[in-house]
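Have a look at the structure below, then the notes.
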Amino acid sequence: MLLKNIHIVDNQRDLLGDVRIKDELITEVGANLSTENEEIIDFSGKNYYLLPAFTDLHVHFRDPGLTHKEDVNTGSHAAIHGGYTAVNLMPNTKPTCSSMEIVKDVERRVEEIGLIYANQTLSMTKNLEGKDIEHLKALKKGEILFVTDDGKGVQDDHLMEEIFNICKEKDITIMCHAEDSRYSATDMRIAENNMTFRDIKLCEKTNGSIHFCHVSTKEAIDAIAAAQARGVRVSCEVTPHHLSATGDEVNHYRVNPPFREKEDIDALVKAIQDGVVCAIATDHAPHTAEDKRNGSPGMVGLEVAFPLCYTKLVKGGFISLQKLVQLMSTNPSEMMKLNKGEIKPGKLADLVVADLDNPFIINAEEFQSKGRNTPFNGRKVFGKIVHTISMGKVY
Ligand code: DOR
Ligand code: ZN
C-alpha cells in the first residue's frame with residue numbers, strides 16, 4: 001500500500017511525501033515514490049498529517065470483572081478510534097491482576113481481537129492491599145515490564161523500599177500512583193505531594209527507578225525535575241485532562257488526582273517544554289453514569305486525548321507537533337519496548353491520519369468506549385483522527 005501526498009511528521013521528520021507499507025511494516029518514506037502494483041491512497045488536496053500512532057502507558061479496560069464499564073473489545077475499538085495502537089493496562093480489575101495467569105489471559109484476548117497491542121501490568125501488592133509482595137518475589141527477570149497499584153499508593157514505607165529493591169533486581173519499572181491516603185479525605189494536594197517526595201527519597205536511597213503516573217501538582221513536578229537534575233532515575237507522565245482544565249472550569253469533576261489550579265497547569269506545561277515529562281498518558285477510566293453519580297473517580301481519555309493535547313499544547317503555541325508526537329508515541333513506545341513511534345522503514349505501520357485544520361465539537365455519543373464519562377463533552381477542539389492504521393490495516 002502507498003500513502004501519497006501527506007504531511008509526514010514524527011519526532012525527526014517533517015515532510016510532504018509518501019509512505020509505503022508492506023504487510024505490517026513501513027518499507028519506504030520519501031517524496032514522490034514511484035508506484036508499484038499496490039493499493040494507493042492519495043491525500044492530495046486534503047492537507048492531512050500522518051503521525052506515528054499513539055501509545056498509552058495508562059489505560060483501564062476493566063477486564064476481567066468490571067466489563068459493564070469497558071471490556072477488551074470496546075476498549076480496543078476506543079483505542080483505534082482515538083489513534084492508539086498500543087496500551088498499557090492497569091491491574092485494578094476484578095479479580096485484581098496479581099498473577100501472571102491473568103496478565104497472559106488479558107494480553108491473549110486483546111491479541112485475538114487483533115486491533116491493537118496490549119501490555120498488561122501486574123499489581124505491585126497482592127490484590128492492591130498494600131501488604132503482600134510474594135508474587136513479585138516469585139517473578140523471573142524479564143517476565144513483566146511494569147508493576148503498579150494504580151488507584152492507590154503503597155502506604156507502608158518499608159514495604160515500598162523492599163519493592164524498590166526487588167524491582168531494581170528484576171528490571172521492572174514501578175508505576176506510582178502517588179497518594180498518601182492519610183490525606184485523601186482532607187487534602188489531595190498534600191496526598192500527592194507527600195508520596196511523591198517519599199518515593200523520590202526511596203528511589204534515591206535504593207538507587208532504583210520509578211515512573212510517576214498522572215502528575216498533577218506544581219510541587220510534585222518540581223520535585224521530580226529536581227530529582228532528575230540530581231541524576232535520580234525518575235520519569236513521569238501527565239494526562240490530557242490535567243493539562244486541559246482547572247477544577248473550577250469543570251465544576252470539580254471527580255478524578256484522582258483531582259483537577260488542579262492554573263499555576264499547576266503552567267508548571268506541567270513548563271516541565272513538558274523542559275523535557276521532564278516523558279509521556280502523555282490518558283488514565284482512560286471508563287465508568288457507567290450510575291457509578292459516576294455514586295462518586296467513582298475518573299474519565300474516558302482514549303478518544304479525546306490527541307485533540308485535547310493538540311489544541312492546548314500545539315495550537316496554544318507551547319510545543320511543536322513533533323514534540324507532541326514524542327510524548328504520545330515515540331517515548332511511551334520506547335518504554336513499552338515496541339517497534340513503533342517513528343515513521344521510517346522497518347517500523348510497524350502503526351500510523352494516524354489527522355485533520356489539524358478543521359475544528360470540531362467533542363461528542364461523547366460518538367465514542368466506541370462503553371464509558372461516556374467526560375467533562376469535555378461539547379468542547380471545541382482541533383485534531384480530528386481521520387484514520388488509524390494498525391499493523392498495516394486502515395481503520
Ligand atoms: O480517577 C481515577 N480513576 N484515578 C485512578 O487512579 C483510578 C481510576 C479508576 O480506576 O477509575
Ligand atoms: Zn492512578
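Only one residue in R293, R260 is within 16 Å of ligand 1 (Cβ to nearest atom), within 26 Å of K201 (Cα to Cα) and of a type in the set (K, R). Which one?
Going through R293, R260 in turn, the sole match is R260.
How many of the residues making up the range 262-286 are touching a residue at least 40 places away in the same chain (Cβ under 8 Å) and under 21 Å from E179 (Cα atoms)?
16
All but one of (1) surrounded by 23 or more Cβ atoms within 10 Å (Cβ to Cβ); (2) at positive phi hold for G65, so report the exception by its number.
For G65, the exception is condition (1).
Of all residues being away from ligand 1 (no atom under 16 Å from the Cβ) and farther than 16 Å from K312 by Cα in the range 232-250, which is surrounded by the most Cβ atoms within 10 Å (Cβ to Cβ)? Just the residue, please. Full working, then the answer.
First, the residues of the range 232-250 that are away from ligand 1 (no atom under 16 Å from the Cβ): 232-235, 246, 248-249.
After this cut, where a residue has to be farther than 16 Å from K312 by Cα as well, the list is 232-235, 248.
On the way: V232: 18, R233: 15, V234: 24, S235: 19, D248: 10.
The extreme case among them is V234.
Within the group A229, A220, which residue is of a type in the set (A, V, I, L, M, F, W, C) and open to solvent by 10 Å² or more (accessible area, probe 1.4 Å)?
Only one candidate qualifies: A229.
Taking the residues in the range 120-139 that are touching a residue at least 12 places away in the same chain (Cβ under 8 Å) and assigned to a loop (DSSP other than H, G, I, E, B) as candidates, determine which candidate is farthest from ligand 2 (Cβ to nearest atom).
Result: L139.
Report every pair of residues separated by at least 6 positions or lying on different chains whose Cβ atoms are under 6 Å apart, first residue within the range 148-159 and at negative phi and aliphatic (A, V, I, L, M), second open to solvent by less than 40 Å² (accessible area, probe 1.4 Å) and more than 8 Å from ligand 2 (Cβ to nearest atom).
V154/G130; V154/M160
How many residues are outside any helix (DSSP H, G or I) and either within 16 Å of ligand 2 (Cβ to nearest atom) or of a type in the set (D, E, K, R) (or both) when one looks only at the range 198-213? Reasoning before the result, please.
So in the range 198-213, the residues outside any helix (DSSP H, G or I) come out as 207-213.
Restricting the remaining residues to those that are either within 16 Å of ligand 2 (Cβ to nearest atom) or of a type in the set (D, E, K, R) (or both) gives 210-213.
Of the residues in the range 198-213, 4 are outside any helix (DSSP H, G or I) and either within 16 Å of ligand 2 (Cβ to nearest atom) or of a type in the set (D, E, K, R) (or both).
For F318, are the conditions met, namely being away from ligand 1 (no atom under 16 Å from the Cβ) and open to solvent by less than 20 Å² (accessible area, probe 1.4 Å)?
The answer is no for F318.
Kindly evaluate V352 against the criterion of being away from ligand 1 (no atom under 15 Å from the Cβ) and in a strand (DSSP E or B).
Considered against the rule, which asks whether it is away from ligand 1 (no atom under 15 Å from the Cβ) and in a strand (DSSP E or B), V352 comes out as yes.
Being of a type in the set (G, A, S), open to solvent by 30 Å² or more (accessible area, probe 1.4 Å) and modelled with pLDDT of 95 or more narrows it down to one residue among A86, A118, A138; which is it?
Criteria check complete, one pass: A138.
Could you tell me how many of the residues in the range 145-197 are open to solvent by 10 Å² or more (accessible area, probe 1.4 Å), of a type outside the set (V, I, T) and more than 14 Å from ligand 2 (Cβ to nearest atom)?
21
Could you list all residues from the range 348-374 that are over 13 Å from G83 (Cβ atoms) and surrounded by fewer than 20 Cβ atoms within 10 Å (Cβ to Cβ)? Explain how you work it out, then say what you get.
To start, the set of residues in the range 348-374 that are over 13 Å from G83 (Cβ atoms) comprises 348-349, 357-367, 369-374.
D357, N358, P359, F360, I361, I362, N363, A364, E365, E366, R372, listed by residue number.
Could you grab me the full set of residues in the range 215-232 that are out of contact with any helix residue (DSSP H, G or I) (no Cβ under 7 Å at 6 or more places or on another chain) and either without any contact (Cβ under 8 Å) to a residue 40 or more places away in the chain or not in a helix (DSSP H, G or I) (or both)?
Those that are out of contact with any helix residue (DSSP H, G or I) (no Cβ under 7 Å at 6 or more places or on another chain) and either without any contact (Cβ under 8 Å) to a residue 40 or more places away in the chain or not in a helix (DSSP H, G or I) (or both): A226, A229, R230, G231.
Give G341, G317 a once-over and let me know the one that is more than 21 Å from Y395 (Cα to Cα) and either in contact with a helix residue (DSSP H, G or I) (Cβ under 6 Å, 6 or more places away or on another chain) or assigned to a loop (DSSP other than H, G, I, E, B) (or both).
G317
Please verify whether the range 255-265 includes one or more residues that are outside any loop (DSSP other than H, G, I, E, B), open to solvent by less than 10 Å² (accessible area, probe 1.4 Å) and either farther than 27 Å from D71 by Cβ or within 16 Å of ligand 2 (Cβ to nearest atom) (or both).
yes
Looking for something open to solvent by less than 30 Å² (accessible area, probe 1.4 Å), under 26 Å from A229 (Cβ atoms) and not in a strand (DSSP E or B) - is there at least one such residue anywhere in the range 283-299?
no
Name the single residue, out of those in the range 321-338 being assigned to a helix (DSSP H, G or I) and charged (D, E, K, R), that is least open to solvent (accessible area, probe 1.4 Å).
K323
With (1) within 18 Å of G383 (Cβ to Cβ); (2) in contact (Cβ under 8 Å) with a residue 12 or more places away in the chain; (3) more than 16 Å from ligand 2 (Cβ to nearest atom) as the list, and S320 as the residue in question, which single condition is left unmet?
(2)
The values are calculated or read from the model by the stated rules, or taken from the named source; none is laboratory data. The structure displayed is predicted, hence computed values, not measured ones. Ideal geometry is used to build each Cβ from the backbone, glycine not excepted, and the neighbour counts take in all protein chains shown. Surface areas here come from the heavy atoms of the whole protein model, side chains and all, with no ligands, DNA or RNA. Shrake-Rupley method; radii C 1.70, N 1.55, O 1.52, S 1.80 Å.
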